[in-house]
Structure formats: C-alpha cells, structure tokens
Amino acid sequence: MPPANTTARNNTAAWPYPEGEPESGPEAEPMTPQNDIPFAEPVPDWPTAKITWGAAWEFNIYFTGAMFALLSVVALANMIQFARQVGLKSRWYFVALNFLMLLLGVVRTIFMFVDAYNSNGTFPAVLAYFFVSFAFPSLTSAFYILFTTLLKATKLENISPKIYDIKVLVGIISFNYIVALAGDLIAGLYFEGRVALLLCQSVFVIWGLVFSIAYFILFRRLYKKTVSSRKEMTRMSQKMHAGSKGVIAAQEQPRSKMSLGVKVTLLAAVFFLLISALNFYGMVSEFSVLTERTPEAWSWWAYQLTFRLCELGMGFTICFVASPFR
C-alpha cells in the first residue's frame with residue numbers, strides 16, 4: 001500500500017483534512033500518525049461535485065439536517081413525558097430508547113449544519129469518523145431495547161429471560177459504542193488502520209441482519225399474542241361489566257396500543273435491514289474504505305441521501321413506538 005500522502009484519494013478529497021504539502025525525507029514507517037491523513041471512505045472531488053449537484057447538494061444538507069433536528073425534538077418530548085409517568089414500570093426502557101434517538105438527532109444535525117460530510121475539512125479526523133459512524137451503534141442499541149421490551153411485555157413463550165437482563169442490555173449497548181469508537185480512533189489516527197472501519201461495518205451488518213430477521217420471524221407470534229390477549233381481556237370485561245362500554249374501552253386500549261407498536265416495529269425492522277444492506281454495499285462497492293477510486297458525484301449523493309433517509313425512517317418509527325402520546 002503506498003504512503004497515505006501519495007494516494008489518489010488525497011488528491012480528490014479534503015475529508016477530513018485539506019490537502020497538505022508532501023513530506024521530504026525517507027518514507028514514513030507504517031502505522032505512524034500523520035498530520036495529513038486522507039479520509040478512508042471515498043468521497044467525490046468536492047469543488048467539482050458541488051457545482052454538478054447545484055441545489056441538490058443544499059437539499060441533501062438542509063432537508064436531512066432539519067429532519068434530524070425534528071427527531072431530536074420528538075425524542076426529547078417523549079423523554080420528558082415518560083419521566084413524569086411515575087407509575088409506569090417500563091418507562092426507563094422508553095426513556096433510554098428516546099435518549100439514544102436524541103443523541104443520534106443532535107449528532108447528525110451538527111454534522112449536517114456545521115460542515116456537511118466534512119467537505120470543508122472543519123472537523124479533525126477522529127471527530128469526523130465519529131459523526132459518520134454514530135448512527136450504527138445508536139440504532140442497533142435502540143432496536144435491541146425495543147425488541148426485548150416487546151418480547152417482555154407480550155410474555156412470548158420459549159424466549160430466554162436472559163435477554164431481558166439489565167446487565168445484558170448494558171453490555172450490548174456498551175459493546176456497540178466501544179466497537180464504533182475504537183474503529184474511529186484507529187482510522188482517524190492511522191490511515192493504514194482503515195481496515196478497522198471495515199471490521200466495524202461487518203459487526204453492524206451482522207447485528208442488523210440478526211435483529212431484523214429475528215423480528216420478522218417472531219412478528220407473527222408477537223402480533224397474535226397481542227390480539228389474543230386483547231380478545232381475552234375484552235371477553236372477561238364483558239362478563240364482569242356487561243353493558244359498560246366505557247370499562248371495555250379502557251381495558252382494550254393498552255392492548256390496542258401494543259398491537260400497533262408491534263406492527264410499527266416491523267417497519268423499523270425493514271429500515272434496519274435496508275441500512276444493513278446499504279452498509280454491506282458500501283463495503284464491497286466503489287464506496288469501500290479499501291478502494292482508491294473517486295466515486296462518481298451523483299452516485300455518491302444518491303447513496304448518502306438514501307442512507308440518511310433510512311436512518312430517519314428507523315429513528316422516527318422507534319420514537320413513535322416509544323411515545324407516551326399515542
């Protein structure tokens with residue numbers, strides 16, 4: 001592999017740092033930090049690409065940035081409302097869910113509005129990687145919390161109670177963020193360590209496939225469980241309170257919300273699967289961290305916009321399910 005300051009990518013992109021002067025003297029030792037480290041993932045030739053995109057570049061930045069800001073507001077409102085519901089046993093699970101979405105929204109909003117995709121080299125290397133990869137551990141952890149909360153609430157048979165354990169939950173969330181941050185640090189400080197990003201992507205692709213497919217498999221059982229429980233509750237209410245529609249409606253409401261939550265989470269699982277597919281495509285295509293090619297402007301724009309829309313779709317569906325207002 002040629003030294004980082006002679007790669008073709010350094011001539012075509014300033015992400016995360018602007019192009020620097022070539023160093024004199026002997027060739028640098030491998031894995032030695034450099035002052036001029038090109039971004040590991042291919043980016044277009046920014047000056048030419050921005051002219052090519054025109055208003056589409058502004059749309060990509062400000063539309064997605066505004067939507068992530070809205071996601072932050074929704075998540076914060078959910079957190080405040082749940083914090084007030086003292087009698088709800090599972091409220092802290094939902095607070096944690098919304099907190100993760102709040103963090104995602106804030107980080108993405110800053111990234112898009114301050115210097116979108118670090119196209120002007122505003123952020124240092126490690127911070128630039130952090131902004132890019134932050135969605136993976138956040139969405140993965142949030143979906144795991146939501147999935148296990150639904151399993152626990154429906155009391156589905158043949159499901160190990162260990163997955164509900166708070167230690168397992170904290171362990172998985174910690175693992176996700178440690179993996180992402182480790183990859184960011186290694187690639188941000190050493191360009192030769194960019195393979196660490198590929199390994200991190202692989203981890204989150206596997207997580208996404210496992211969790212989303214597992215939900216697809218269990219969805220029918222989850223939904224049937226909520227429907228049968230609602231019917232049983234209605235039948236018992238009719239016996240105990242014959243003719244009392246208000247009581248029946250009050251008994252049905254929680255299970256109706258549960259059924260809706262199970263169905264909407266299916267949509268979140270679809271977005272999760274799409275994100276995993278996009279991530280895998282990025283590993284093997286012209287967007288791979290190991291390629292030296294400069295991606296075509298419009299293909300890069302479409303890929304990034306599709307990624308952001310899927311992240312938003314998953315984030316908003318999670319916030320809807322974990323909302324105290326519905």
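The values are calculated or read from the model by the stated rules, or taken from the named source; none is laboratory data. As the structure is a prediction and not an experimental result, all values here were calculated from the model. Heads up, the Cβs are rebuilt from the backbone with ideal geometry, glycines too, and the neighbour counts pull from every protein chain shown. Just the protein is used for accessible areas: all its heavy atoms, side chains included, with ligands, DNA and RNA removed. Shrake-Rupley method; radii C 1.70, N 1.55, O 1.52, S 1.80 Å.
Could you let me know the centre-to-centre spacing of segment 76-138 and segment 271-326, using Cα atoms, in angstrom? Their Cα centres are 16 Å away from one another.
Could you work out how much longer the chain between Arg84 and Leu189 gets when fully extended? Use 0.36 nm per residue separation minus the Cα distance between them, nm to one decimal.
In short, 33.4 nm is gained.
A 1.4 Å probe, protein heavy atoms only, puts the accessible area of Ile206 near 100 Å². For segment 74-145, which whole percent of the accessible surface, found with a 1.4 angstrom probe, sits on carbon and sulfur atoms? Its accessible area is 73 percent carbon and sulfur atoms. The modelled label-to-label distance between Trp92 and Thr48, using points 7 Å beyond Cα along the C-beta direction, is 5.6 nm.
Between Arg293 and Lys155, full extension at 0.36 nm per residue minus the direct alpha carbon distance yields a gain of 44.6 nm.
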